[in-house]
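Written out below as structure tokens is the structure these notes cover.
Bear in mind that the values in this text are calculations on the coordinates, not laboratory data. Since the model is a prediction, treat every value here as computed from it, not as a measurement. Don't worry about glycine lacking a Cβ; one is built from the backbone with ideal geometry, like all the others, and counts go over all protein chains shown.
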Amino acid sequence: MLDKRMWIIFLIVFTNFLGFGIILPLLPYYVESLGAGVIAIGLLSATYSLFQLLAAPILGELSDKVGRRPILIFSLAGTTISFILLGLAKSLPLLFISRIIDGASGGNISTAQAYVADITSKENRTQGMGFLMAALSLGFILGPATGGLLSRFGYSVPAYVAAGVSLIATVLTYFYLPESIKEKKILGILPQKKRRAFFSFKEIYEVLTHPNVGIVVTISFFMMLAFSLLQGTFALFTEHTLHLSAEQNGYLFAYLGLVGIIIQLFLLKRIIRLIPENKIVVIGILMMAISLLLVAFGGNIPFLLVAITLLAFANGISNPILAGLVSKLSPDDEQGNIMGISQSVGSIARMIGPIVGTIIYAELGAQSPYLFGAITLILTAIFAARYLKDPSLIEQVKAKIHNVLQH
């Protein structure tokens, strides 16, 4: 039976991604109702990712100093305020403020992960982190569906519902979630780690030029960039070309998340047993490229559903493998640092993608972001096929070198 604290952490992570999912299909409609243009949609999406990137390491470091619980309560309260502002927003500046607060508050995922690490043994830690991933996935599925369903009552209603869920999570955290780290550590009696810069282009460069790992991180960046091109413009595209409502777009995003979960839970392990991981990544990239071309040229709902299914399958097999490859190919004493930098590189792609996508959409037409994304992915697949190696072969080469040196 799971610790009751895990259920509260589950609710915290679920709330964050429920809010992100709720706004995703509504953003174009909300922005257009305020009289703003296409590019503003991309800027709003990028703003959320930017402030999440900046806030995550700061909140993580603060949680080591003052405890996990205060940071979680503070961030949940911030998320509640952001949703209320979103519901009240009658101008673009207030909409930006709500997204800034939501992004900064959403940076508490690292604190939630740290809490789980505090209360689980090494043997149960993977299960605990998997429980968090389930909360993330559930929020991303129910968020778009909820936002789409409630949008029929007005664009502010989904925001107020999300605020209510976040407020409940805040109250539960305040009254029922105890601190997870010992008092001596909070008070600074225990030795503290040397403080690191929270963001460093030098460290990103070092990871990108790292043997083997840099190749994986580069591939991940361009895959995330292409996906963000779609994510930032998809609701806009379907509204303008297929005349879909916010509710219908919400269901499409929910379907995307649901298929992805099914792939990861039931098919990924079987696929890995049959095909080398580096080849799976190449296949996934090409499938994603095909899905973007189907979106661009399909022109009807059946083609769109096929495209989304392919996209979900591609993401479901590629992203976990790429994350695993980063870990497998990293030196043991650099695991944490390289994984963190890899996540930062992904956040940068999520910032750039929506801005570039909406600019291309506005200047070159509705199909152009998907054509640009497909070309990017085809070039990435060629790069991956040429340079991405099977980690098992790399380990065999290392073992042979070690044996030679021993003799």
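Observations
- Taking Cα centre as origin and charging only the Cβ of basic (Lys, Arg, +1) and acidic (Asp, Glu, -1) residues, the dipole magnitude of the chain rounds to 800 debye.
- Of the GluC sites (Glu not before Pro) in segment 196-280, not one is in a loop by DSSP (not H, G, I, E or B) with at most 14 other beta carbons within 10 Å.
- The peptide list 352-364, 166-178, put in order of mean Cβ contacts within 10 Å with the highest first, becomes 352-364, 166-178.
- Taking trypsin sites (Lys or Arg not before Pro) across segment 51-105, the ones in a DSSP loop with at most 15 further Cβ atoms lying within 10 angstrom of their Cβ are LYS90.
- Taking the Cα centre of segment 22-156 as reference, the dipole from Cβ charges on Lys and Arg (+1) and Asp and Glu (-1) amounts to some 140 debye.
- Least to most buried among THR309, THR209 (fewest other Cβ within 10 Å first): THR209, THR309
- Projected label points at TYR176 and ARG386, each 7 Å from Cα along the beta carbon direction, are separated by 5.6 nanometres.
- Restricting the trypsin sites (Lys or Arg not before Pro) of segment 192-285 to loop positions (DSSP other than H, G, I, E, B) with no more than 12 neighbouring Cβ atoms within 10 Å leaves LYS193, LYS194, ARG195, ARG196.
- Ellipsoid semi-axes for the chain, based on the Cα gyration tensor and the rule √(5λ), read 32, 30, 19 Å when sorted largest first.
- Full extension of the chain between LEU364 and ARG270 gives 29.7 nm of extra length, using 0.36 nm per residue less the Cα-Cα distance.
- With contacts taken as Cα pairs under 8 Å and at least 6 residues apart, segment 1-179 reaches a relative contact order of 42 percent.
- Gain upon complete extension [ILE262, PHE153; 0.36 nm per residue less C-alpha separation]: 36.1 nm
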